[in-house]
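The values are calculated or read from the model by the stated rules, or taken from the named source; none is laboratory data. Fair warning: this is a prediction, and the values are worked out from it, not measured in the lab. Because the Cβ atoms are built from the backbone with ideal geometry, glycine has one as well, and the counts that use them run over all protein chains shown. Heads up: the accessible areas ignore ligands, DNA and RNA and are worked out on the full protein's heavy atoms, side chains in. Shrake-Rupley method; radii C 1.70, N 1.55, O 1.52, S 1.80 Å.
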Amino acid sequence: MRQATVRATLLVVIVAATAVTIGLSFRRSPAGEPASLTWVATAHQYGPVGYRDPAAAISPDGRWVAYSEGRFLRVRPIDGGPIVDLPAGEAQIRHLAWHPDSRRILAGGELYDRAAGTRGAMWPSGGELSAGEAADVLRQAVWSPDGRSLAAIVDGRDGAALWIVPADGGLAEVTTLATRASLPAWTPGGKVACLALVDGRSRVTIPCGQTAVRPHPDLDAYGPMAFAPDGTTVYVGMANAGGTLDLWAVPVSGGRARRLTAFSRDSYAPTVAADGAVLFKTQSYRTVVATAPADGGPARSLAAFQSETPSWDPGGKWLGITYGTWRRVVDDAKYPDIAQEVGIISADAEEPATKPSRIVHDSNSEDQSLCWSPNGKWIAFHSHKDQSDDIWLRRADGDATARRISQLGRGAETGWPRWSPDGRWLLFDGASRKTKRSVLYVAGIDQETGNVSGEPREIDIPGLDAEISHGEWLPDSEHIVAVVKEGSGRHAIVVVPRTGVDVRIVRQFASEHDAPGLGVSPNGREVAFIAPAADGFFQVFRLPLDGGEPRQVTTDPSNKTQPAWSPDGRRLAFTVWSYEAQLWSLPPR
């Protein structure tokens, strides 16, 4: 998906401003001269929920850079030039690795050919691995320097294991590791290194899971690593006092390391060309809750800190939000035990809030997306606390004790709860116990006492072949409107009774933005949804549920998601977001 000219103009401004900042903050070389740093490209993501940092790597010959944007793989010359758009994948690309020939790329578990412009299976004939084994290996596999083997870390029932597989898919050499490990990398000499836990610390280990590299200063290592061509130096991200990563050059033999970057966000994931040039990425992740008139007009920020998933209190004076400092690599390495909490801010403050007016829940795990009962007595929210991935309930005032009201467990990817207007039902999405696809669940609940009548039940919707993304109640408390994903890049808005029969498709549309949320007008006649606009940004639209064309509500050049309609129908709250990776190169050293 291409962004419009306005986005390109903004990108030039952002890059120029970033370069100035780097000129002030970038680490100087031992000789006292500023280190040479070149911006190469910017990879954009398609949403803040369910996405991870774009993958990127420099080709072994140093001439090309490959990077992902959602399910799309882009390749362009390192010094600039036209972008080669390869055939889109079916799922998000979170890892890629160049073949030593600088032509083939393993990305998202599939094999791409830069010159031929093709995408296909890595092992068309199957090879010796089962389908499950092949998927596990290819998810984060890296090619050996001679291109004859692939190395990957596979997690099994007995713990992590290093798999070395012939490039043709032959029999694997499997070595069980004594500790947790991830992100393998080949040394120039043909050994496989990886990150592993050593005495509770995340370390570069060579060979994988064995001898730890001991740098000075003694910092934990995170993210992918890469080796200098002579094998004496490993480039890796290491954590600083602020909880983000700087890129370091670490002697493989141990000893004094050199810090190469000092950005305000993560700088990490190096790859190295044969001549020693280094490509790495810096992360930019920004979300903020805002509002705009439901009939259209300028948007206004309500928070000056990282926040998302707005929901209105019954009186329309407060917004529930998700807030925190997640999307840092150090934090995400512990997912779902991340810095993501739920709180409340004013919907009417003159200036954007600098912190929540009130904290609702701040466990050590992911807490997200609260909603009030219609009478305002209870708050339901999503949390991963206590090894869960479930919906929790607490009183809106007074006793803050939260209790778990669903039992789907970790890995269920439970969504955002919504209370029915009559106060009798709680709706949320989560993984089906039968199919593992995302479906709707509903639980009977008493908004006066908070008592739940039985386990949440899955809503069976015959004839709907789609993943449920999010559901909202219509005013009658008997019907639900939901946004669903029918396939890669294909979404729909549907209405379905609480019983699950007689589904009605209201609109189908193309979008690469997953988990966009949905809002319902107080009278139930319209929904607010997110779709790509003519300007290339994801904007808020209003759509009549009885038919008709959507009407665009927001127009400023920024991406939106997660719309929520105010109880009086006059305003829409939403999240404004930007999520990208800037790619930078360092010359051979």
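At a Förster distance of 35 Å, what's the computed FRET efficiency of T118 paired with A274, Cβ-Cβ distance as r, to 0.05?
For T118 and A274, the calculated efficiency is 0.90.
Place a label point 7 angstrom from the Cα of S578 along the Cα-to-Cβ direction, then list the residues of the stretch 534-550 whose backbone nitrogen is under 13 Å away.
Answer for this model: none.
Over all directions, average the projected area of the Cα convex hull of the chain and note it in nm².
26.7 nm²
Pop out the Kirkwood hydrodynamic radius of the stretch 31-163 from its pairwise C-alpha distances, inverse of mean 1/r, in Å to one decimal.
On the way: mean 1/r = 0.0623 Å⁻¹.
Evaluated on the stretch 31-163, it is 16.0 Å.
Based on the mean of other Cβ atoms within 10 Å per residue, sort peptides 209-215, 447-453 so the most packed one is first.
The peptides rank, most packed first, as 209-215, 447-453.
Determine which residues of the stretch 226-255 fall in the zone a paramagnetic label at A262 would reach in this model, i.e. backbone nitrogen under 17 Å from the point 7 Å along Cα→Cβ.
So the set is 238-249.
With r as the distance between the Cβ atoms of E455 and K191 and R0 = 51 Å, compute the FRET efficiency 1/(1 + (r/R0)^6) and round to 0.05.
About 0.50, to the nearest 0.05.
Among all lysine pairs in the chain that are eight or more places apart or on different chains, how many have alpha carbons less than 19 angstrom apart?
Eligible lysine pairs with Cα atoms under 19 Å apart amount to 6.
As a test of the formula, what do you get for the chain when each DSSP H run with n ≥ 4 contributes -39,500 (n - 2.57) and the sum is divided by the residue count, at 222 nm and rounded to the nearest 500 deg cm²/dmol?
The helix-only estimate for the chain comes to -1500 deg cm²/dmol at 222 nm.
Pop a pseudo-label 7 angstrom from the Cα along the beta-carbon direction at both S130 and D446 and give the gap in nm to one decimal.
4.9 nm
Hey, what's the chain come to in accessible area per residue, 1.4 Å probe, Å²?
That works out to 41 Å² per residue.
Under the rule that a partner needs its Cβ under 4.7 Å from the first Cβ, which Cys of the chain have none?
Cysteines of the chain left without a disulfide-compatible partner: C371.
Taking Cα centroids, how far is the stretch 425-466 from the stretch 107-177 in Å?
38 Å
Given the Cα-Cα distance of A91 and D397 and 0.36 nm per residue of separation, how much length would full extension add, in nm?
The span from A91 to D397 would gain 105.9 nm if fully extended.
Give, in nm to one decimal, the length gained when the segment between D422 and V174 is fully stretched (0.36 nm per residue of separation minus the Cα-Cα distance).
83.6 nm
Report relative contact order for the stretch 287-415 in percent, whole number only (criteria: Cα-Cα under 8 Å, sequence separation at least 6).
Relative CO of the stretch 287-415 lands at 17 percent.
In degrees between 0 and 90, to the nearest 10, how far off the longest principal axis of the chain does helix 5-25 point, with axes built from Cα atoms?
60 degrees
Can you work out ³J(HN,Hα) from phi for every residue in the stretch 297-304, in order, using Karplus 6.51 cos²θ - 1.76 cosθ + 1.60 and θ = phi - 60°, giving whole Hz and x for Gly and Pro?
x, x, 7, 10, 5, 10, 9, 10
State the Kirkwood hydrodynamic radius of the stretch 501-587 in Å, one decimal place, computed from all pairs of distinct Cα atoms.
After inverting the mean inverse Cα-Cα distance, the result is 14.4 Å.
Suppose a student asked you for the relative contact order of the stretch 390-437, using Cα pairs under 8 Å spaced at least 6 residues apart; what percent would you report?
28 percent
Once each part is reduced to its C-alpha centroid, what is the distance from the stretch 374-411 to the stretch 536-583 in angstrom?
28 Å
Based on a Kirkwood Rh over C-alpha pairs, give the Stokes-Einstein translational diffusion coefficient of the stretch 54-100 at 4 °C and viscosity 1.567 mPa s in µm²/s.
After rounding, the answer is 119 µm²/s.
Per 5 Å bin, what percent of the C-alpha pairs of the stretch 139-283 does each bin hold, from zero upward?
2, 10, 20, 23, 20, 14, 8, 3, 1, 0
Under 15 Å from the Cβ of R410, count the other residues' Cβ atoms, weight Lys and Arg +1, Asp and Glu -1, and hand me the total.
That works out to -3.
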